[in-house]
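Report on the structure given below.
The values are calculated or read from the model by the stated rules, or taken from the named source; none is laboratory data. Keep in mind it's a predicted model, so treat the numbers as computed, not measured. Positions of Cβ are generated from backbone atoms using ideal geometry, with glycine treated the same way; all protein chains shown enter the neighbour counts. For accessibility, only protein heavy atoms count, side chains too; no ligands or nucleic acids. Shrake-Rupley method; radii C 1.70, N 1.55, O 1.52, S 1.80 Å.
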Amino acid sequence: MHLLILNGPNLNLLGLREPEIYGKTSYGGLCDLICAHAEEAGVTVECKQSNHEGVLVDWIQEAYDNADGIVFNPGAYTHTSIALLDALKAVGIPCVEVHISDVNEREPFRQISYVGLYAEKRIIGQGLNGYLAAMDYLIEKYR
Ligand code: DQA
(Lines give C-alpha, C1' and ligand atoms only; values in the text may rest on other atoms or scores of the structure.)
Protein backbone atom coordinates (compact mmCIF):
# COMPACT_ATOMS: atom_id res chain seq x y z
CA MET A 1 0.00 0.00 0.00
CA HIS A 2 1.26 3.45 -0.93
CA LEU A 3 0.06 6.68 0.72
CA LEU A 4 0.57 10.24 -0.47
CA ILE A 5 0.72 12.87 2.27
CA LEU A 6 0.04 16.29 0.78
CA ASN A 7 0.44 19.62 2.53
CA GLY A 8 -0.59 22.96 1.12
CA PRO A 9 0.61 26.55 1.57
CA ASN A 10 2.58 27.70 4.59
CA LEU A 11 2.78 24.24 6.12
CA ASN A 12 6.49 24.24 5.23
CA LEU A 13 6.75 26.87 8.00
CA LEU A 14 5.48 24.57 10.74
CA GLY A 15 7.38 25.24 13.95
CA LEU A 16 7.91 28.91 13.01
CA ARG A 17 4.39 29.74 12.00
CA GLU A 18 2.01 30.76 14.82
CA PRO A 19 3.35 28.06 17.15
CA GLU A 20 0.53 28.71 19.62
CA ILE A 21 -1.85 27.39 16.94
CA TYR A 22 0.25 24.91 14.95
CA GLY A 23 2.83 23.78 17.52
CA LYS A 24 6.62 23.85 17.62
CA THR A 25 7.47 20.86 15.46
CA SER A 26 8.96 21.71 12.05
CA TYR A 27 7.68 20.39 8.71
CA GLY A 28 10.73 18.10 8.60
CA GLY A 29 9.78 16.81 12.05
CA LEU A 30 6.26 16.09 10.82
CA CYS A 31 7.64 14.14 7.84
CA ASP A 32 9.88 12.13 10.20
CA LEU A 33 6.83 11.20 12.33
CA ILE A 34 4.88 10.18 9.22
CA CYS A 35 7.74 8.08 7.80
CA ALA A 36 8.27 6.29 11.13
CA HIS A 37 4.53 5.58 11.37
CA ALA A 38 4.44 4.23 7.80
CA GLU A 39 7.42 1.97 8.45
CA GLU A 40 5.79 0.60 11.59
CA ALA A 41 2.58 -0.09 9.68
CA GLY A 42 4.41 -1.66 6.75
CA VAL A 43 3.24 0.79 4.09
CA THR A 44 5.15 3.15 1.82
CA VAL A 45 4.65 6.88 2.00
CA GLU A 46 5.56 10.04 0.16
CA CYS A 47 5.40 13.50 1.84
CA LYS A 48 4.99 16.50 -0.43
CA GLN A 49 4.32 20.17 0.29
CA SER A 50 3.67 23.07 -2.05
CA ASN A 51 2.61 26.69 -1.71
CA HIS A 52 1.11 26.54 -5.23
CA GLU A 53 -2.40 25.37 -6.01
CA GLY A 54 -1.54 24.15 -9.54
CA VAL A 55 1.39 22.10 -8.26
CA LEU A 56 -0.94 20.38 -5.78
CA VAL A 57 -3.37 19.68 -8.65
CA ASP A 58 -0.48 18.16 -10.67
CA TRP A 59 0.54 15.93 -7.77
CA ILE A 60 -3.02 14.72 -7.23
CA GLN A 61 -3.25 13.86 -10.94
CA GLU A 62 0.12 12.07 -10.83
CA ALA A 63 -1.14 9.98 -7.90
CA TYR A 64 -3.64 8.27 -10.20
CA ASP A 65 -2.68 4.60 -10.51
CA ASN A 66 0.09 5.13 -7.98
CA ALA A 67 -1.29 6.07 -4.53
CA ASP A 68 -3.89 4.02 -2.67
CA GLY A 69 -4.83 6.90 -0.40
CA ILE A 70 -4.19 10.61 0.12
CA VAL A 71 -3.85 12.37 3.46
CA PHE A 72 -4.41 16.01 2.61
CA ASN A 73 -3.98 19.21 4.57
CA PRO A 74 -4.71 21.80 1.89
CA GLY A 75 -4.01 24.74 4.25
CA ALA A 76 -5.86 27.89 3.19
CA TYR A 77 -6.76 26.31 -0.18
CA THR A 78 -9.20 24.16 1.80
CA HIS A 79 -11.50 27.13 1.98
CA THR A 80 -11.18 28.36 -1.61
CA SER A 81 -10.13 25.69 -4.08
CA ILE A 82 -12.62 24.11 -6.43
CA ALA A 83 -9.62 23.02 -8.55
CA LEU A 84 -8.34 20.77 -5.76
CA LEU A 85 -11.83 19.33 -5.24
CA ASP A 86 -12.11 18.61 -8.97
CA ALA A 87 -8.65 16.99 -9.08
CA LEU A 88 -9.58 14.65 -6.22
CA LYS A 89 -12.86 13.75 -7.91
CA ALA A 90 -11.03 13.13 -11.20
CA VAL A 91 -8.58 10.58 -9.77
CA GLY A 92 -11.04 9.00 -7.33
CA ILE A 93 -8.39 8.14 -4.73
CA PRO A 94 -9.67 7.80 -1.12
CA CYS A 95 -8.78 10.96 0.78
CA VAL A 96 -8.74 12.03 4.42
CA GLU A 97 -8.65 15.79 5.08
CA VAL A 98 -6.51 16.87 8.03
CA HIS A 99 -6.29 20.17 9.88
CA ILE A 100 -3.83 20.67 12.70
CA SER A 101 -5.93 23.37 14.34
CA ASP A 102 -9.62 23.20 15.18
CA VAL A 103 -10.91 25.14 12.19
CA ASN A 104 -14.46 24.85 13.54
CA GLU A 105 -13.50 27.10 16.45
CA ARG A 106 -11.76 29.74 14.31
CA GLU A 107 -12.85 32.45 11.83
CA PRO A 108 -16.08 31.86 9.85
CA PHE A 109 -14.16 31.65 6.54
CA ARG A 110 -12.41 28.54 7.85
CA GLN A 111 -15.74 26.74 8.24
CA ILE A 112 -16.00 26.20 4.48
CA SER A 113 -14.15 23.23 2.98
CA TYR A 114 -14.30 22.40 -0.72
CA VAL A 115 -11.94 19.44 -0.29
CA GLY A 116 -14.30 18.24 2.45
CA LEU A 117 -16.98 17.72 -0.22
CA TYR A 118 -14.82 14.85 -1.51
CA ALA A 119 -12.85 13.63 1.53
CA GLU A 120 -14.44 10.59 3.13
CA LYS A 121 -13.21 11.65 6.54
CA ARG A 122 -12.07 14.92 8.16
CA ILE A 123 -9.70 14.94 11.14
CA ILE A 124 -9.64 18.35 12.76
CA GLY A 125 -7.83 19.86 15.72
CA GLN A 126 -5.77 16.83 16.73
CA GLY A 127 -2.41 18.51 16.04
CA LEU A 128 0.17 16.47 14.16
CA ASN A 129 -1.39 13.24 15.45
CA GLY A 130 -4.22 13.92 13.02
CA TYR A 131 -1.94 12.91 10.13
CA LEU A 132 -1.16 9.59 11.81
CA ALA A 133 -4.84 8.97 12.59
CA ALA A 134 -5.66 9.68 8.92
CA MET A 135 -3.02 7.16 7.82
CA ASP A 136 -4.42 4.56 10.22
CA TYR A 137 -7.93 5.09 8.85
CA LEU A 138 -6.79 4.57 5.24
CA ILE A 139 -4.58 1.59 6.14
CA GLU A 140 -7.36 -0.12 8.07
CA LYS A 141 -9.96 0.46 5.37
CA TYR A 142 -7.97 -0.05 2.17
CA ARG A 143 -4.94 -2.23 2.81
C1 DQA B 1 -4.93 24.53 8.54
C2 DQA B 1 -6.12 25.44 8.79
C3 DQA B 1 -6.30 26.41 7.63
O4 DQA B 1 -7.42 27.25 7.88
C5 DQA B 1 -5.07 27.28 7.49
O6 DQA B 1 -5.22 28.16 6.39
C7 DQA B 1 -3.82 26.49 7.40
C8 DQA B 1 -3.65 25.33 8.28
C9 DQA B 1 -4.64 23.59 9.75
O10 DQA B 1 -3.89 22.64 9.55
O11 DQA B 1 -5.15 23.83 10.84
O12 DQA B 1 -2.93 26.82 6.65
O13 DQA B 1 -5.20 23.71 7.42
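Applying a threshold of 9 Å to beta carbon distances and a minimum spacing of six or more residues, or different chains, the list of pairs starting in the range 8-28 at a residue that is free of Cβ contacts under 8 Å to residues at least 12 places away in the same chain and ending at one that is open to solvent by less than 50 Å² (accessible area, probe 1.4 Å) and among the small types (G, A, S) reads E18/S101; K24/G15; G28/G15.
Can you say whether Y64 is without any contact (Cβ under 8 Å) to a residue 40 or more places away in the chain and among the hydroxyl-bearing types (S, T, Y), as far as the supplied structure shows?
yes
When V98 is tested against the conditions (1) within 13 Å of the ligand (Cβ to nearest atom); (2) open to solvent by 40 Å² or more (accessible area, probe 1.4 Å); (3) under 14 Å from the mean Cα position of the chain (by Cα), the lone failure is (2).
Whenever a residue of the range 105-120 is modelled with pLDDT of 95 or more and open to solvent by 60 Å² or more (accessible area, probe 1.4 Å), its partners that are assigned to a loop (DSSP other than H, G, I, E, B) and near the ligand (Cβ under 10 Å from one of its atoms), lying with C-beta atoms within less than 8 angstrom and at least six residues away or across chains, give the pairs E105/G125; Y114/T80.
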